[in-house]
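Structure first, commentary second.
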Amino acid sequence: MEFKHESVLLTETIESLNINPEGIYVDGTLGGGGHSYHIAEQLTTGRLIGIDQDAEALQAAGSRLSPFSDKVSLIKNNFVNIQSVLDSLNINGVDGILLDIGVSSYQIDNPERGFSYREDAVLDMRMDQERPISARDIVNTYSKEDLARIIRDYGEDNFANNIAKHIVNERAKEEIVTTGQLSKIVEQAIPQSVRKGKKGFAKKTFQALRIEVNSELDVLKDSIQTMIDLLNPGGRLCIITFHSLEDRIVKNEFRKAENPCTCPPSFPVCTCGAVSKGKVLTKRPVIPTEEECQRNKRASSAKLRVFEKA
């Protein structure tokens, strides 16, 4: 299957990076190389480091970025390991970092990857297919309580307890192997009065499982401060998110970096000695235009936040 993915908030992101043609930039979620292509074409003596944990994405990006092969390095890794990646390349600081969080259109649309509730395929959802645990493992081995917690916290689904109960009951009869099986189980767990005439109730459960399989929220939270520390003065960190859980983490981590003071509000003067790392350039997130949302429905929930290093 051809790797297709339309980069969201492309113009806004490239402008926010404020690219220096001689600078060093990192795309921590390379995907098909959409954003990276537009970064690389602005570089003269600069360098672009593309990181992705998906081998198929790296292959697709390599082809797309081949005109810039002299200034691009592609690394198979998770962006949470950006410090060690840059250390291995003898790079001490960078001028910009981009993260486009979430699943790519290719991963969703390719049934073999097991991300979509709309296609019947083997449950998987691993962005890095070398990871030991897949969605199939989770639905068949996690306790009812853990399943409910994941679906409630990561899927924000009010029917999490009942969905978890149905999953445990059904797996006792036979192993849940496919996306079609799981989708049907979730639909049956939703009260008929709510379900009537509507579809797509499995979406939140699938999102929750994907986040759990790939440790997405932990990876994001654990990475932001390190990435800010790796920026050169004036360097920028741009992060695109697609749901409230991710956006909340970015907003809070950016706020912490801008104002790290831990003194009680009653203190007239700061005594903790914490120093600001820079400033948030997006007091409100940048969102796609109506035109982009009409062209690409998957862009509708996207939000871009930008932090600039002092």
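The values are calculated or read from the model by the stated rules, or taken from the named source; none is laboratory data. These numbers were taken from a predicted model, which means no experiment stands behind them. Backbone-built Cβ (ideal geometry, glycine too); neighbour counts: all protein chains shown. Surface areas here come from the heavy atoms of the whole protein model, side chains and all, with no ligands, DNA or RNA. Shrake-Rupley method; radii C 1.70, N 1.55, O 1.52, S 1.80 Å.
In summary, no strands (runs of 3 or more DSSP E) completely within segment 209-310 bear 3 or more residues that are at positive phi and buried (at least 16 other Cβ atoms within 10 Å of the Cβ). Under 17 Å from the mean Cα position of the chain (by Cα) and either over 22 Å from Q107 (Cβ atoms) or of a type in the set (S, T, N, Q) (or both) - does that describe any residue in segment 65-77? So far as segment 65-77 goes, yes, one or more of its residues are under 17 Å from the mean Cα position of the chain (by Cα) and either over 22 Å from Q107 (Cβ atoms) or of a type in the set (S, T, N, Q) (or both).
For segment 153-166: of the residues being open to solvent by 30 Å² or more (accessible area, probe 1.4 Å) and either among the hydroxyl-bearing types (S, T, Y) or in contact (Cβ under 8 Å) with a residue 12 or more places away in the chain (or both), which is nearest to F201 (Cα to Cα)?
Looking at the filtered set, the residue picked out is F159.
Number of residues in segment 167-180 that are surrounded by fewer than 21 Cβ atoms within 10 Å (Cβ to Cβ), assigned to a helix (DSSP H, G or I) and free of Cβ contacts under 8 Å to residues at least 40 places away in the same chain equals 6.
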